[in-house]
Amino acid sequence: MKRLILVFLACVVASSMLVAQEKTETKKEAKKEMSGSHVMTGWLVDQMCGKKMGNGDAEKSNAKAAKHTKDCAMEESCAESGYGLVHDGKWHKFDEAGDKMAADWLGKTDMKNNLMVNVKGTMDGDNIKVESITPASENKMEKKEGKTMEKKTKS
């Protein structure tokens, strides 16, 4: 009987280790896919405001980010905090080069709010090593969770 219990426990431990290894490999594969350069579309926001918006609730975060203004992002204390992207309810901080590109882009754009941009770069955890920032295309349509969000254009 003791031998049977030991064999059973050994099987439980071995199967637990296999499941843990599979989860680890799946996470490594996901990180590997995100490790290359790619483009993310979201809202350009200063860190001071963006950290509050990236709460995990994509619908609420996106609505708040769309209302965020260029004037706020360019205020001295907000600009000094750095910039990032609100994307799918998450806050992604830019690297130092990205902060500079964001400040340059904000200085040139005529947009007052709804600062939707395409950011090309490489993920480093939740941060982005930015290669370029461009405005999202006019009338950009994104389908998220069965809902459609339309970028408003200037009239």
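The values are calculated or read from the model by the stated rules, or taken from the named source; none is laboratory data. Only a predicted model underlies this, so the values are computations on that prediction, with no experimental measurement involved. With ideal geometry, Cβ positions are generated from the backbone for all residues, glycine too; neighbour counts draw on all protein chains shown.
So here's what we get for this one:
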{"read-out": "Count of region 47-75 residues which are more than 19 Å from Lys108 (Cβ to Cβ) and not basic (Lys, Arg)", "value": "16"}
{"read-out": "Unique match (being among the polar types (S, T, N, Q) and either in a loop (DSSP other than H, G, I, E, B) or touching a helix residue (DSSP H, G or I) at 6+ places or on another chain (Cβ under 6 Å) (or both)) among Asn55, Asn62", "value": "Asn55"}
{"read-out": "Some residue of region 89-98 being in contact with a helix residue (DSSP H, G or I) (Cβ under 7 Å, 6 or more places away or on another chain), charged (D, E, K, R), at pLDDT below 95 and in the same structural domain as Thr134 (by TED's automatic domain parsing)", "value": "no"}
{"read-out": "Leading residue by the ranking (surrounded by the fewest Cβ atoms within 10 Å (Cβ to Cβ)) among those in region 57-111 that are aliphatic (A, V, I, L, M) and closer than 22 Å to Gly125 by Cβ", "value": "Ala97"}
{"read-out": "Pick from region 74-89, criterion of a type in the set (Asp, Glu) and part of a loop (DSSP other than H, G, I, E, B), ranking: farthest from the chain's Cα centre (by Cα)", "value": "Glu75"}
{"read-out": "Residue count, region 109-123 (criterion: modelled with pLDDT of 95 or more and either out of contact with any strand residue (DSSP E or B) (no Cβ under 8 Å at 6 or more places or on another chain) or of a type in the set (Gly, Ala, Ser) (or both))", "value": "1"}
